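Down below is the structure, laid out as structure tokens.
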Amino acid sequence: MTSSCYISEEFHFPDYCQGSIPDKIGKIDGEVFRQLEGRTTLRFEVAGNSYFLKRHYGIGWGEIFKNLVSFRLPIVSAKNEWQAIYHLETQHVDTMKAVAHGEWGINPAQRFSFIITEDLVNTISLEDLCRPWVDSTPEFTDKQMLLQRVASMAAKMHSSGMNHRDFYLCHFLMDDTPSIAIKDRRISLIDLHRAQIRSGGVPPRWLLKDVAGLFFSAFDIGLTSRDCYRFISHYSGRCWRVELQENGDFWSKVMQKALSLYAKDFNRAPPVFVKRLYR
């Protein structure tokens, strides 16, 4: 039984893929990027164009119950990412372009689904772009522009009721064309398969997780305390002093969680400037 299926007119399956849509999806071969229980991510080419395919095979009832017991909605198909891409497009937040999606089966533990997105070629993650900043100070205007754009993307996403759940600098991809000024380069948010969308707004728990994850991923790129305050201003849309006066508890929790994540992953403290914030 087909729950849903969409194939863009722009996309054509490789010639070696024959049969029904599920058969074709199962036959697509390419460079495997991630192989997890119940999900495979690979990159393949058709007529000189590069794409990413995520195949979901079902996560089983055990994983579903594990998520539910932890008060998390389980991700049982590629439909979640499909919906997240569409949602970001409506909010004018750049992301991947999906060209195909489908899912088959009623049983959520064994549902087969897929999503195909265009490969964002000639891009660099903000994590890789900003890593040299700790040793080589970037152009002031470039750094402030990137701070503003990331904060704006985060604010648009959260104010629309969506949270990412894997909100790190490595999931922001920027156009890496040298002839284009940094201020004019497209920045796309990727890896949306765990995103959550609600009409009533993002609960504080998930808002905290996203923003703390972003801070955590930026600890080693040479940011200053002033940069953090500028981010807070851009994200909140008002002077950071006013924001901290009214929502200081939230930002204190953000920093505490970010510090905890850093200590857990690296078994050391992050740069000194971070420890001086929000005392």
Seminar exercise, completed: Over all directions, the chain yields a Cα convex hull whose mean projected area in nm² is 16.6 nm²
Problem set entry | Inter-centroid distance (Cα atoms) of the stretch 194-259 relative to the stretch 75-113, Å | 27 Å
Seminar exercise, completed: At q = 0.19, 0.27 Å⁻¹, the log10 of I(q)/I(0) for the stretch 154-203 from a Debye sum over equal Cα scatterers comes to -0.69, -1.00
Exercise. What ranking, highest mean first, results for peptides 202-209, 92-99 when packing means the other Cβ atoms within 10 Å averaged over each residue?
Worked result: 92-99, 202-209
Seminar exercise, completed: By the DSSP-based rule, helices of the chain that are at least 27 Å long along the axis (C-alpha) and have a mean Kyte score of at least -1.0 are 140-159, 240-266
Problem set entry | Rounded to 5, the percent of DSSP beta bridges in the chain classed as antiparallel | 95 percent
Problem set entry | Segments 121-132, 152-163, 7-18 sorted - mean Cβ within 10 Å per residue, highest first | 152-163, 121-132, 7-18
For this session: Using label points projected 7 Å from each Cα along Cα→Cβ, tell me how many nm separate H12 and F266, to one decimal.
Result: 4.9 nm
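Computed from the coordinates by the stated procedures, all read-outs in this text should not be read as laboratory data. The structure displayed is predicted, hence computed values, not measured ones. Reconstructed Cβ throughout: ideal geometry from the backbone, glycine too, with neighbour counts over all protein chains shown.
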